[in-house]
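What follows is a short report on a single structure.
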Amino acid sequence: MKSNYTIRKLNSPFDDSGIFFRNVYMKKAMLFDCGRLGNIDNSEINDISHVFISHTHIDHFSGFDRFLRTALLSGNTFTFFGPVGFINNMKGKLAGYTWNLIYDYDITFAAIELSEHGMKGAEFAAKNGFKEENFTVNNSHLILNDNFYLEYEFFDHGITSLGYRVKEPKRISINKDKMKEYGFKNGPWVKLLKEALLNNRSNDIINVDTVSGSKQYYLNELAEKLAEYPVCQDITYITDIAPSFSNYKKAVKLAKDSHILLIESVFMNNDVIHAIEKKHLSIGVSKAIYKNSNTKYVSFGHFAPKYDRMRDIFFNELYADLDMDKIIKLELNR
């Protein structure tokens, strides 16, 4: 199956966290975490619509300053998701500068704070001097661009660290060979057919262009002849979580049957005690989450910097017993 995603790590996998991605069905790009923004152009930053922050340790949020500086004249609205306290984190970032010359700028940052007790949001608009303006958040805010949908989970990292899953919407494709076989001609009815099936209106009747002229068909009849239902390609991001059984179970559930899993693998297995102390995953736990979630493809990252001096040993342990055709080798780039 061809992947619908373009994914790029913005730094060495031994450096700050930040993953730029887009889907062929997305008009805009998105970003998992916002550490140092290395391998990214200004135009790409301005093309981002949503940013998903796992937590606000410096290596996951220090890139906001670059983001802000680049986006200031963009005229865009950028939506950031983060854990408890995130609104104050963004407010603090914006409060670090003097803003007396920006009131005619048309840029807004929306911060949505996720907690186990609900969601809350705040907007920071340049036209109001980036003053905090609170707004009510509901599930509609989890519908992203182009009907992609956001799911999330809370993990223990000594603090709360959020894992995210961006869900691709259900799609209908029409088999062109079957259309030809049944004598159907392309026309506006094809779009109507897809829309009706997506909205579960399979008993409707529509006019269909055929080689013999216009004919009426029930949608369920056309669906049986022509419709195909591609598997949705969801992408899941999990980082900075303690190697506990509770976190393991939640991670497997969040990533279950994903198309792509992006997951940290911070420590080698002989450093498992250090992994427990630092509340990060070891290679063995990361691989267990990948295998037991039945994810199709995986990319490991956020490696401890000390292993940068022994890459061959580290990668030999990481990739042992894995199908390399299922590995997205983002972690081999610098």
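The values are calculated or read from the model by the stated rules, or taken from the named source; none is laboratory data. All of these numbers come straight from a predicted model, not from anything done at the bench. As a convention, Cβ positions derive from the backbone with ideal geometry for all residues, glycine included, and neighbour counts pool all protein chains shown. For accessibility, only protein heavy atoms count, side chains too; no ligands or nucleic acids. Shrake-Rupley method; radii C 1.70, N 1.55, O 1.52, S 1.80 Å.
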### Task
Count, please, the residues in region 101-134 that happen to be more than 29 Å from residue 156 (Cβ to Cβ) and of a type in the set (A, V, I, L, M, F, W, C).
7
### Task
List every residue pair whose Cβ atoms sit under 9 Å apart, with the two residues 6 or more apart in sequence or on different chains, where the first one lies in region 204-230 and is without any contact (Cβ under 8 Å) to a residue 60 or more places away in the chain and closer than 17 Å to residue 170 by Cβ and the second, anywhere, is open to solvent by 70 Å² or more (accessible area, probe 1.4 Å) and in a strand (DSSP E or B).
219/205
### Query
Taking the stated definitions as given, is residue 203 open to solvent by 90 Å² or more (accessible area, probe 1.4 Å) and at pLDDT below 90?
yes
#### Entry: Of the criteria (1) open to solvent by less than 40 Å² (accessible area, probe 1.4 Å); (2) more than 18 Å from the chain's Cα centre (by Cα), which one residue 98 fails
(1)
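Residue-wise test of (1) open to solvent by 20 Å² or more (accessible area, probe 1.4 Å); (2) part of a loop (DSSP other than H, G, I, E, B).
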| position | (1), (2) |
| --- | --- |
| 103 | yes, yes |
| 110 | no, no |
| 151 | yes, no |
| 166 | no, no |
| 169 | yes, yes |
### Query
Does residue 241 fit the bill of being at pLDDT 95 or above, touching a Gly at 6+ places or on another chain (Cβ under 9 Å) and surrounded by 15 or more Cβ atoms within 10 Å (Cβ to Cβ)?
yes
### Query
Which one of these does residue 57 not meet: (1) within 17 Å of the chain's Cα centre (by Cα); (2) open to solvent by 40 Å² or more (accessible area, probe 1.4 Å)?
(1)
### Message
If I filter region 248-304 down to residues being polar (S, T, N, Q) and not in a loop (DSSP other than H, G, I, E, B), which single residue comes out as nearest to residue 13 (Cα to Cα)?
### Response
299
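Condition check ((1) buried (at least 23 other Cβ atoms within 10 Å of the Cβ); (2) touching a Ser or Thr at 6+ places or on another chain (Cβ under 9 Å); (3) at pLDDT below 95; (4) not small (Gly, Ala, Ser)) across all residues:
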residue	(1), (2), (3), (4)
252	no, yes, no, yes
294	no, yes, no, yes
317	no, no, no, yes
324	no, no, yes, yes
329	no, yes, yes, yes
### Conditions (1) open to solvent by 10 Å² or more (accessible area, probe 1.4 Å); (2) closer than 24 Å to residue 20 by Cβ; number of the one not met by residue 81
(1)
### Query
Conditions: (1) farther than 19 Å from residue 130 by Cβ; (2) more than 15 Å from the chain's Cα centre (by Cα); (3) aliphatic (A, V, I, L, M); (4) open to solvent by 60 Å² or more (accessible area, probe 1.4 Å). Residue 37 meets all but one. Number of the miss?
(4)
### Query
If you check residue 246 against the conditions, is it open to solvent by 60 Å² or more (accessible area, probe 1.4 Å) and on the phi < 0 side of the Ramachandran plot?
yes
### Query
Which of the residues that make up region 203-245 are polar (S, T, N, Q) and over 32 Å from the mean Cα position of the chain (by Cα)?
203, 207, 210, 212, 214, 216, 220
### Message
Is it the case, given these coordinates, that residue 299 is at pLDDT 95 or above and open to solvent by less than 10 Å² (accessible area, probe 1.4 Å)?
### Response
yes
#### Entry: Counted residues, region 171-186 - those being over 18 Å from residue 230 (Cα atoms) and open to solvent by less than 20 Å² (accessible area, probe 1.4 Å)
2
### Query
Which residue pairs have Cβ atoms under 9 Å apart, sit 6 or more places apart or on different chains, and have a first residue in region 133-158 that is in contact (Cβ under 8 Å) with a residue 12 or more places away in the chain and farther than 27 Å from residue 47 by Cβ and a second that is among the basic types (Lys, Arg) and surrounded by fewer than 16 Cβ atoms within 10 Å (Cβ to Cβ)?
153/253
